[in-house]
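A.B. asks: The structure's right below; bear with me while I get my questions together.
Every number in this text was worked out from the coordinates using simple rules, so none of it is lab data. Note that the coordinates shown come from a computational prediction; the quantities given were computed from them, not determined experimentally. All Cβ positions, even for glycine, are placed from backbone atoms using ideal geometry, and neighbour counts span all protein chains on display.
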Amino acid sequence: MENKTYVDLVLIAFPVTIGIVSFFIKRLMSNHDKHGEKIIDIEKNYVKKEELEKKQKELKSELQNIVKEQITDVKDDIRQLKSEFSDSNNKTLKAVESLSKEVNEIKINYISKDDFLKQNTLLSNKMDKLMDMMYEEKTKNTKN
């Protein structure tokens with residue numbers, strides 16, 4: 001009878017033990033699969049620190065190169081604008097000097113409107129006097 005009890009005990013305990021072990025193995029495998037999926041998700045969506053630092057260095061060097069190129073372009077543009085402004089300023093200065101010379105020549109070679117009117121008035125007065133003198137002379141000659 002003792003053998004039968006052991007056999008019954010083994011027949012009952014063995015499937016229960018296998019069921020419990022199977023449950024834990026299945027749970028362990030499910031957790032392993034979930035962790036595997038999470039690892040794959042992390043690998044897809046996240047970056048390693050070394051890769052991030054490397055990418056940051058690459059982007060930083062690219063940005064520095066772009067900024068250097070733009071600074072060079074801006075400096076070239078500034079030089080070009082300075083030369084253009086210098087040329088236009090020189091042209092303007094030459095034009096102003098030319099106009100100043102012409103104005104000075106006009107001042108020297110021409111008389112003002114007021115002076116012209118004064119001279120005309122004086123000339124007109126002289127002509128009036130001459131006419132008066134001629135008229136008087138003629139009237140004297142006709143009386144004699």
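A.B. asks: Please give the direction-averaged projected area of the C-alpha convex hull for the chain, in square nanometres with one decimal.
C.D. replies: Mean orientational projected area (the chain, Cα hull): 23.0 nm².
A.B. asks: At most 12 other Cβ atoms within 10 Å plus a DSSP loop assignment makes a site exposed; report the longest stretch of the chain without any exposed chymotrypsin sites (Phe, Trp or Tyr not before Pro).
C.D. replies: Working: sites that count: Tyr46, Tyr110.
The longest uninterrupted stretch comes out as 47-109.
A.B. asks: Out of all Cα-Cα pairs in the range 1-47, roughly what percent, to the nearest whole number, are more than 12 Å apart? Don't skip to the end; give the middle numbers.
C.D. replies: Numbers: 767 of 1081 pairs.
Considering the range 1-47, 71 percent of its Cα-Cα pairs are separated by more than 12 Å.
A.B. asks: Something else now. In a shell of Cβ-Cβ distance under 15 Å around Val74, excluding Val74 itself, what net charge do Lys and Arg (+1) and Asp and Glu (-1) give? Don't skip to the end; give the middle numbers.
C.D. replies: Working: positive: Lys68, Lys75, Arg79, Lys82; negative: Glu69, Asp73, Asp76, Asp77.
Local net charge: 0.
A.B. asks: Now, a different point. Output the DSSP H helices from the chain with an along-axis C-alpha extent of no less than 30 Å and a mean Kyte-Doolittle hydropathy no less than -1.0.
C.D. replies: Qualifying helices, which must be both long enough and hydrophobic enough, are 2-45.
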